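The values are calculated or read from the model by the stated rules, or taken from the named source; none is laboratory data. Fair warning: this is a prediction, and the values are worked out from it, not measured in the lab. For neighbour counting, all protein chains shown are included, and Cβ atoms are generated from backbone atoms with ideal geometry for every residue, glycine included.
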Amino acid sequence: MPTRITAALTRSRRRTSLVVSLLAGVAGVAGSFAVASFTPGFVAGPVAGATARVVPGAVVTFAIVVLGDFGDHLNLLLALGLSVLLLAGTSLVGVVVGRWTDRPLAGAAVATLAGAVVAVAVTAAPAASLAAGLAAGAVLAAVATWPATSVDTDADADADRRRVLTAFGSALVLSLGGYVLGRAGGPGGTDRETGGAADLPESTRSEVDALLSDAAEKSLAVGGLEPLVSDSFYRVDVNATDPDLAADSWTLDVTGAVAAEREYTYADVREMAAENQFVTLRCVGESLNGRKMDNALWTGVPIRDLLDPTAPADACCVVLRAADGYYEEFPLSALEDGFLAYGMNGEPLPRAHGYPVRALIPGHWGEINVKWLTEIEVKEKEQEGYWEKRGWHGTGPVETVAKLHVAEERSDGRMEVAGHAYAGTRGVGRVEVSTDGGATWADARLSDPLPGADVWRQWAYAYDPPAGEHEVVVRAVEDDGTVQSRQSRPPYPNGPAGWVSRTVGG
Ligand SMILES: Nc1nc2c(c(=O)[nH]1)N[C@H]1C(S)=C(S)[C@@H](COP(=O)(O)O)O[C@H]1N2
Ligand SMILES: [Mo]
């Protein structure tokens, strides 16, 4: 055979090997997803966590402030790509072994094993990792068993083409199957926490129902305005996949500068007298008029009840740690008013919001409201939390804000503007609206206050609009008469501040 042809053949073989391995990598990732869904057992989950952690703080901040949720999507896409490459690498080892030994099925077995081992190293989840290895190996096995080999060169090129087609076909089928299975098992599917809505004691349940209907009644009837209990509650997570914890094996450790360390089980927490509280959360990284501010009715117990028996000694602060590796530090005094929630709006706490138990710290930025809580460490010395290490200052009280999310001309020709106002534990006493760029101000209509020390209010204001464009400005006034600061400030590093304004009409 002329050497040129052999050379071309090897090159095409090499390309075929690479393409087949890549397709096996895709199938492998899908296999992992089939079993793990969107949990940390999914191979792309820890990879996304790792990429988010190695990216410099400044880039993360840029992503949060400029890209918003799009930054998260980009990171997940990157993690998916890296995971495919990882499993393509282990598959390539299998292909090469198959070539060398001239036993492609043995190569498929090697790819299965190597894929499973690497996936387990990344995720520590054996079942999903085995599925990843098997799916990748299955592509190689399909390629090994299907195309007939031939001596003549043209047919050889043909065989290579058929190898690629077989790999493509099997990877496609496996990926679609993996995607469908993974979706079915994911949040909103057969999640364990969605079934137990009824497991609140009767007295708690009837109080929940009464409070929720009170909130519905107090919500202003303004089209397009989210009610007092959010229809959809925002989410902020440092990891691409949420921990998938079981309540029966969950424990909360109280450690550090305490008289005696203690461990609480889920049953311990559920045995304590349950309380219901409305608490509003707001993320320090959101934009001034952003959507990362929401309110819910939470069921749980005061954190004080868990700390008291351990009698904290000379402590300044606490670190809350979570199952996703997240941790935040803040003053012990703030924790003493805190709440441990296991229910949200009458349902078990959803996995996305910290199942089985999260912390709620009244009046503070969202980031110290640690989800999937596993440890409360009482400290004698301060230390930086996850976001503080990256330059943010989000452990303190929230900034007061009045947001403007609705501006609509009603059928009677009047203009109506509306939104939510929040001032943490300082409380919203009034909201003022200007329709002339801040020259004159009028009081907005407010929703009646919900019970609770840390709850937002809705505001609405209707007026006869001037002809053409005009500037609507809105500001909240706290319970004690303090007017929301006009000084505008970007989200990084202390959270957004300033008056929201919007050009309306014209
Ligand atoms: N374990 C854990 N807790 C966490 C976070 C996280 O990434 N991991 N994010 C924090 C941030 S920055 C905010 S704003 C709130 C958001 O809570 P939500 O996702 O329930 O809205 O959770 C906080 N608690
Ligand atoms: Mo946040």
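So in region 262-289, with the set limited to residues that are among the aliphatic types (A, V, I, L, M) and under 17 Å from the mean Cα position of the chain (by Cα), which one is farthest from ligand 2 (Cβ to nearest atom)?
The extreme case among them is 281.
I'd like to know if region 410-418 contains one or more residues that are closer than 21 Å to residue 227 by Cβ, of a type outside the set (A, V, I, L, M) and assigned to a helix (DSSP H, G or I).
No, region 410-418 contains no residue that is closer than 21 Å to residue 227 by Cβ, of a type outside the set (A, V, I, L, M) and assigned to a helix (DSSP H, G or I).
Is at least one residue of region 290-299 surrounded by 22 or more Cβ atoms within 10 Å (Cβ to Cβ), away from ligand 2 (no atom under 16 Å from the Cβ) and over 20 Å from residue 226 (Cα atoms)?
For region 290-299, residues surrounded by 22 or more Cβ atoms within 10 Å (Cβ to Cβ), away from ligand 2 (no atom under 16 Å from the Cβ) and over 20 Å from residue 226 (Cα atoms): present.
Residues being within 16 Å of ligand 2 (Cβ to nearest atom) and under 18 Å from residue 251 (Cα atoms): count how many of those fall in region 326-374.
12
Can you list residue pairs whose Cβ atoms sit under 6 Å apart, with the first residue in region 430-453 being at positive phi and the second being assigned to a strand (DSSP E or B)? Count only pairs 6 or more apart in sequence or on different chains.
Filtered contacts from region 430-453: 437/471; 438/473; 452/277; 452/278.
Considering only residues that are of a type in the set (Gly, Ala, Ser) and either in contact with a Leu (Cβ under 7 Å, 6 or more places away or on another chain) or under 27 Å from residue 379 (Cβ atoms) (or both), which ones fall in region 225-248?
240, the sole residue that qualifies.
For region 215-239, how many residues meet the condition of being within 16 Å of ligand 2 (Cβ to nearest atom) and either farther than 19 Å from residue 421 by Cβ or surrounded by 20 or more Cβ atoms within 10 Å (Cβ to Cβ) (or both)?
Result for region 215-239: 5.
Can you find a residue that is on the phi < 0 side of the Ramachandran plot, within 29 Å of the chain's Cα centre (by Cα) and either surrounded by 19 or more Cβ atoms within 10 Å (Cβ to Cβ) or at pLDDT below 95 (or both) anywhere in region 92-115?
Checked against the condition, which is being on the phi < 0 side of the Ramachandran plot, within 29 Å of the chain's Cα centre (by Cα) and either surrounded by 19 or more Cβ atoms within 10 Å (Cβ to Cβ) or at pLDDT below 95 (or both), region 92-115 yields at least one hit.
Pick from 294, 308, 314: which is among the charged types (D, E, K, R), within 30 Å of residue 203 (Cβ to Cβ) and more than 16 Å from ligand 1 (Cβ to nearest atom)?
308
Go through (1) in contact with a His (Cβ under 9 Å, 6 or more places away or on another chain); (2) away from ligand 1 (no atom under 14 Å from the Cβ); (3) β-branched (Val, Ile, Thr) and name the single condition residue 280 misses.
(2)
Report yes if some residue within region 409-428 is within 22 Å of residue 457 (Cα to Cα), among the acidic types (Asp, Glu) and within 16 Å of ligand 1 (Cβ to nearest atom); otherwise report no.
Within region 409-428, not a single residue is within 22 Å of residue 457 (Cα to Cα), among the acidic types (Asp, Glu) and within 16 Å of ligand 1 (Cβ to nearest atom).
Kindly indicate which of 221, 240 is in contact with a helix residue (DSSP H, G or I) (Cβ under 6 Å, 6 or more places away or on another chain), in a loop (DSSP other than H, G, I, E, B) and among the small types (Gly, Ala, Ser).
Matching residue, one of 221, 240: 240.
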